[in-house]
Every structure is written in C-alpha cells, then in structure tokens.
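The values are calculated or read from the model by the stated rules, or taken from the named source; none is laboratory data. This is a predicted model, so every value here is computed, not measured. Every residue, glycine among them, receives a Cβ derived from its backbone with ideal geometry; neighbour counts consider all protein chains shown.
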Amino acid sequence: MKLPARHYISSALNSFTCLGLAYLVVAGCASVSERPVMPISDVIALADSGASSEVMIGQINSSRTVYALRGSDFANLAGRGVPPPVLDELQQSFFSEVENLTLRWYRARTSGGPTSIYPQPLDLDSLDGGGNGMAPTTNVGRATHGTRPPGVPEWVPPFPATSGQYLGPRDLLKMTESGLSTPEIVDKIMNSRVRPLYASSSGGSNARLGAITGSMFATLVERGVAPQAVDALQAINLADHVESTRFRAGGGY
C-alpha cells in the first residue's frame with residue numbers, strides 16, 4: 001500500500017528533530033564538561049613559594065575554580081600564609097558565583113552539570129594530614145534546599161531571617177567583648193541580617209561586591225571572635241545575597 005506524502009514528510013521531520021535534539025544534547029554536554037579543579041593546597045603552596053598576590057590570583061582565576069569558603073576558612077588560610085588580597089579575591093569569586101547560580105536558576109530554571117563548575121567544598125583540616133584541603137563533592141550541585149539553587153552549599157540557610165537587627169563585623173566584636181557565649185552569639189547572628197550587604201566597586205563598574213571580605217573574616221578570628229560565629233556570619237551573608245539576587249531575577253518569596 002502506498003502511504004500518503006504527508007507520512008513521509010512527517011517521518012522526515014521527526015527524524016530531523018531527533019537528530020537536532022541529539023546534537024544539542026551533545027553540544028550542551030561538551031560545553032559543561034568536567035574540568036580540572038585547582039586544590040586549595042596549590043594556593044597555599046603558591047603562598048609558600050613567595051608568589052605575589054597578583055600571580056596567585058591569576059592562577060586561581062585561570063583554573064576557574066571557586067571555593068565554598070566558610071568564614072573561619074579565611075582565618076585558617078591566613079594562618080597558612082595566604083595574603084589578604086588573595087583572601088579577598090576568594091571571597092569575591094565565591095560571592096559572584098553564588099549570584100550567577102541564583103540568576104541562572106530563577107531565570108531559566110536550569111540545573112545539572114559536572115561538580116567542577118560549582119563552588120568546591122573544603123576540608124582544611126585534611127591539610128595537616130597530607131591531604132589537599134578539598135572535601136568530597138558527591139552532592140555538589142545535585143539538589144536545591146529551600147530557595148537555594150543547586151550549587152549553593154547546604155550550610156547556607158534555606159530561608160534567611162526576614163526580621164531582626166542588622167549585623168556586621170563590628171557587631172561580632174562587640175558581642176564577643178561583652179562576654180556573650182559562642183552559642184548565644186551564633187543564635188543572634190542566625191536570626192539577623194547582614195549590614196551592609198554590598199560595597200561600591202572601583203572604576204565605575206556595576207559589579208556587586210560582597211562588603212564582608214575574606215580578610216575581614218580572618219581579622220575577626222585574629223581579634224578573638226569564635227570560628228563558629230564567623231561561620232554563621234558568612235552563612236547569613238550568603239543567604240541574604242541569594243535572596244536579594246532572587247528578587248532581581250523575579251523569584252520573589
């Protein structure tokens with residue numbers, strides 16, 4: 001039996017569509033392929049070698065590795081010789097990547113991809129045993145939590161405080177000097193918001209920069225603020241940043 005012409009046209013279009021989709025899938029996979037991650041131990045090794053901050057920052061940026069740093073991680077890295085400008089760059093790259101993840105998620109609702117494209121979790125204690133300072137990436141980028149897109153660390157609160165006082169680095173110093181216990185300080189932080197969230201960028205750029213820098217976190221620990229407290233400050237710093245970015249992307253509450 002001879003089939004109508006429209007059958008052959010439909011079959012041809014279906015075949016073409018399948019081939020096109022297959023090409024897009026392959027091309028998409030190629031564009032987000034796994035890439036080498038620069039271990040944080042390499043950053044410390046550069047500092048030990050006497051490399052300048054500019055050289056260190058250049059190599060980190062060339063590797064396209066972003067590290068998911070807690071507040072106390074900056075103090076740990078400072079104690080291992082990483083200079084303040086590099087600490088600041090590590091914080092800003094992390095801050096910027098969280099913003100990018102949030103914008104992509106709420107504008108396009110896309111997720112997935114190799115773990116190397118997400119902020120990398122750290123285990124700096126492993127450096128003392130000969131490790132490279134990196135933590136397992138099994139769950140990195142695999143799930144959302146609350147209003148957090150894939151790739152934002154799980155230690156960032158799923159929903160930020162919507163009321164309460166605004167806190168900044170000086171407030172942590174005052175609370176520490178007042179004699180409050182670490183659990184009390186952490187509880188106050190986790191029920192507060194960050195002030196200020198953004199700093200002006202230099203050179204007339206429109207970049208949104210995190211006002212709490214990496215070197216600030218290191219200085220807080222140096223001045224006696226408990227590591228748990230600066231970890232909490234970094235957590236709500238990022239939670240508020242995600243929420244602000246989410247509103248810009250049209251996500252709302």
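Do we have Val26 as β-branched (Val, Ile, Thr), in a helix (DSSP H, G or I), at negative phi and at pLDDT below 80 here?
Numbers: β-branched (Val, Ile, Thr): yes; in a helix (DSSP H, G or I): yes; at negative phi: yes; at pLDDT below 80: yes.
Against the criterion (β-branched (Val, Ile, Thr), in a helix (DSSP H, G or I), at negative phi and at pLDDT below 80), Val26 qualifies.
Here are the criteria: (1) on the phi < 0 side of the Ramachandran plot; (2) under 23 Å from the mean Cα position of the chain (by Cα); (3) at pLDDT 90 or above. Tell me which single one Leu173 does not satisfy.
Answer for Leu173: the failing condition is (2).
Can you name the residue in the stretch 97-123 that is among the aliphatic types (A, V, I, L, M) and over 25 Å from Ser41 (Cα atoms) and, of all such residues, is surrounded by the fewest Cβ atoms within 10 Å (Cβ to Cβ)? Give the steps one after another, and end with the answer.
Applying the first criterion (among the aliphatic types (A, V, I, L, M)) to the stretch 97-123 yields 98, 101, 103, 108, 117, 122.
Checking the rest, the ones that are also over 25 Å from Ser41 (Cα atoms) come to 101, 103, 108.
Values: Leu101: 23, Leu103: 16, Ala108: 9.
Filtering the stretch 97-123 for residues that are among the aliphatic types (A, V, I, L, M) and over 25 Å from Ser41 (Cα atoms), the one surrounded by the fewest Cβ atoms within 10 Å (Cβ to Cβ) comes out as Ala108.
Output the residue which, of all residues in the stretch 209-253 that are among the β-branched types (Val, Ile, Thr) and not in a helix (DSSP H, G or I), is nearest to Gly81 (Cα to Cα).
To start, the set of residues in the stretch 209-253 that are among the β-branched types (Val, Ile, Thr) comprises 212-213, 219, 221, 225, 230, 236, 242, 245.
Still in the running and not in a helix (DSSP H, G or I): 212-213, 225.
On the way: Ile212: 20, Thr213: 17, Val225: 20 Å.
Filtering the stretch 209-253 for residues that are among the β-branched types (Val, Ile, Thr) and not in a helix (DSSP H, G or I), the one nearest to Gly81 (Cα to Cα) comes out as Thr213.
Which of the numbered conditions does Pro196 fail, given that it passes all the others? Conditions: (1) at pLDDT 95 or above; (2) assigned to a loop (DSSP other than H, G, I, E, B).
(1) is the only condition that Pro196 fails.
Can you tell me how many residues in the stretch 222-239 are surrounded by 20 or more Cβ atoms within 10 Å (Cβ to Cβ) and either out of contact with any helix residue (DSSP H, G or I) (no Cβ under 9 Å at 6 or more places or on another chain) or under 21 Å from Pro121 (Cβ atoms) (or both)?
Counting residues in the stretch 222-239 that are surrounded by 20 or more Cβ atoms within 10 Å (Cβ to Cβ) and either out of contact with any helix residue (DSSP H, G or I) (no Cβ under 9 Å at 6 or more places or on another chain) or under 21 Å from Pro121 (Cβ atoms) (or both) gives 10.
Mind checking which pairs have a first residue in the stretch 221-246 that is polar (S, T, N, Q) and a second that is outside any helix (DSSP H, G or I) and at pLDDT 95 or above, Cβ under 7 Å, 6 or more apart or different chains?
These pairs meet every condition: Gln234/Arg70.
Within the stretch 124-180, restricting attention to residues that are in a helix (DSSP H, G or I) and polar (S, T, N, Q), which residue is surrounded by the fewest Cβ atoms within 10 Å (Cβ to Cβ)?
Applying the filter and picking the extreme gives Ser126.
Among the residues of the stretch 111-129, is any charged (D, E, K, R), over 20 Å from Val156 (Cα atoms) and free of Cβ contacts under 8 Å to residues at least 24 places away in the same chain?
Yes, the stretch 111-129 contains a residue that is charged (D, E, K, R), over 20 Å from Val156 (Cα atoms) and free of Cβ contacts under 8 Å to residues at least 24 places away in the same chain.
Val82 - would you say it is buried (at least 18 other Cβ atoms within 10 Å of the Cβ) and part of a loop (DSSP other than H, G, I, E, B)? Walk me through it before giving the result.
On the way: buried (at least 18 other Cβ atoms within 10 Å of the Cβ): yes; part of a loop (DSSP other than H, G, I, E, B): yes.
Against the criterion (buried (at least 18 other Cβ atoms within 10 Å of the Cβ) and part of a loop (DSSP other than H, G, I, E, B)), Val82 qualifies.
For the stretch 203-231, name all the residues that are under 18 Å from Leu90 (Cβ atoms), of a type in the set (Gly, Ala, Ser) and modelled with pLDDT under 95. Write out each step before concluding.
Our first condition is that a residue be under 18 Å from Leu90 (Cβ atoms); within the stretch 203-231, this holds for 207-222, 227, 230-231.
Filter again for of a type in the set (Gly, Ala, Ser), leaving 207, 210-211, 214-215, 218.
Answer for the stretch 203-231, where residues must be under 18 Å from Leu90 (Cβ atoms), of a type in the set (Gly, Ala, Ser) and modelled with pLDDT under 95: Ala207, Gly210, Ala211.
Taking the stretch 118-161, which residues are acidic (Asp, Glu) and modelled with pLDDT of 95 or more?
Of the stretch 118-161, the ones acidic (Asp, Glu) are 123, 125, 128, 154.
Result: Asp123, Asp125, Asp128.
Against the definition (surrounded by 15 or more Cβ atoms within 10 Å (Cβ to Cβ), among the charged types (D, E, K, R), part of a helix (DSSP H, G or I) and modelled with pLDDT of 70 or more), how does Asp187 come out, yes or no? Break it down into steps so the answer makes sense when it comes.
Values: surrounded by 15 or more Cβ atoms within 10 Å (Cβ to Cβ): no; among the charged types (D, E, K, R): yes; part of a helix (DSSP H, G or I): yes; modelled with pLDDT of 70 or more: yes.
Spelling it out, it is not the case that Asp187 is surrounded by 15 or more Cβ atoms within 10 Å (Cβ to Cβ), among the charged types (D, E, K, R), part of a helix (DSSP H, G or I) and modelled with pLDDT of 70 or more.
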